[in-house]
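Engineer: Dropping a structure here in structure tokens format, bear with me for questions.
The values are calculated or read from the model by the stated rules, or taken from the named source; none is laboratory data. No experiment lies behind these values; they were computed from the predicted model shown. Reconstructed Cβ throughout: ideal geometry from the backbone, glycine too, with neighbour counts over all protein chains shown.
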Amino acid sequence: MSLDDPNFETTPYEPFVAYGRSKTANILFAVEFDRRHKDRGIRATAVHPGGIRTELARHMDPAHIDAMIKQMSEQAEAQGEPPFQWKTIPQGAATSVWAAVVAPAEEIGGKFCENCHVSSIVPDDQTIGLMAEGVRSYALNPANAKALWKKSEEMVGETFA
């Protein structure tokens, strides 16, 4: 997350960097929202549905997508895992449904969830593969979450309790 240049006005725009920053912001927003509202019984969590065919890639070159899938599958094979496969819509919805209906709010509040469980924190010095699970500690850092919230308020010209 770059709070100095959230809209890539001075930084060269890279689609996957922007995507990663948006996902980090999503997690940080959930962390701060949860902190602000959990005493009122309102909880927030961030969820990752996994790889689902959506319109997100509609402007991407299909050859680029195929190359990414090939790379993910090769990486999985090297680790003795099955190749990448797209999730179905119900499979992709499962973590959201689990978080909303099944998971105890006190266990998932302010956390990042994927594949129907709370994700583990991956050390900053450890490489995360394209298909690997986990979340970086900076995406759950309360100080980063507060800073993003403040920046968001500045950008929209509003203050939220």
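Engineer: Pick from region 50-75 the residues that are charged (D, E, K, R) and surrounded by 12 or more Cβ atoms within 10 Å (Cβ to Cβ): which of them is nearest to Trp98 (Cα to Cα)?
Structural biologist: Taking region 50-75 first, the residues charged (D, E, K, R) are 53, 55, 58, 61, 66, 70, 74.
The next check asks that each one be surrounded by 12 or more Cβ atoms within 10 Å (Cβ to Cβ); those that pass are 53, 70, 74.
Numbers: Arg53: 21, Lys70: 30, Glu74: 30 Å.
Here the residue is Arg53.
Engineer: OK, next. On the basis of being at negative phi and touching a Leu at 6+ places or on another chain (Cβ under 6 Å), does Leu28 make the cut?
Structural biologist: Judged against the criteria, Leu28 is a match.
Engineer: Six or more apart or on different chains, Cβ under 6 Å: which pairs go from a residue in region 148-161 that's acidic (Asp, Glu) to one that's loosely packed, with under 11 Cβ neighbours inside 10 Å and part of a loop (DSSP other than H, G, I, E, B)? Could you list them?
Structural biologist: Once the first residue is acidic (Asp, Glu) and sits in region 148-161, its partners that are loosely packed, with under 11 Cβ neighbours inside 10 Å and part of a loop (DSSP other than H, G, I, E, B) give Glu153/Thr159.
Engineer: Met72 is checked against (1) within 19 Å of the chain's Cα centre (by Cα); (2) assigned by TED's automatic domain parsing to the domain that holds Ala161 and fails just one. What number does that condition carry?
Structural biologist: Answer for Met72: the failing condition is (2).
Engineer: Would you pick out the residues in region 126-138 that are over 13 Å from the mean Cα position of the chain (by Cα) and either modelled with pLDDT of 80 or more or not in a loop (DSSP other than H, G, I, E, B) (or both)?
Structural biologist: Correct list: empty.
Engineer: Tell me, which residue of region 33-47 that is of a type outside the set (Lys, Arg) and closer than 19 Å to Trp98 by Cα is surrounded by the fewest Cβ atoms within 10 Å (Cβ to Cβ)? Give the derivation first.
Structural biologist: Within region 33-47, the subset of a type outside the set (Lys, Arg) is 33-34, 37, 39, 41-42, 44-47.
Okay, now just the ones that are also closer than 19 Å to Trp98 by Cα, so 34, 41-42, 44-47.
Values: Asp34: 20, Gly41: 7, Ile42: 12, Ala44: 20, Thr45: 23, Ala46: 26, Val47: 26.
Ranking the candidates gives Gly41 first.
Engineer: Of everything in region 109-120 that's surrounded by 15 or more Cβ atoms within 10 Å (Cβ to Cβ) and either of a type in the set (Ser, Thr, Tyr) or in contact with a strand residue (DSSP E or B) (Cβ under 6 Å, 6 or more places away or on another chain) (or both), which residue is farthest from Ser137 (Cα to Cα)?
Structural biologist: Glu114
Engineer: Oh, and also: Would you point out the residue of region 2-27, among those that are crowded, with 17+ Cβ neighbours inside 10 Å and under 22 Å from Cys116 (Cβ atoms), that is modelled with the lowest pLDDT?
Structural biologist: Thr24
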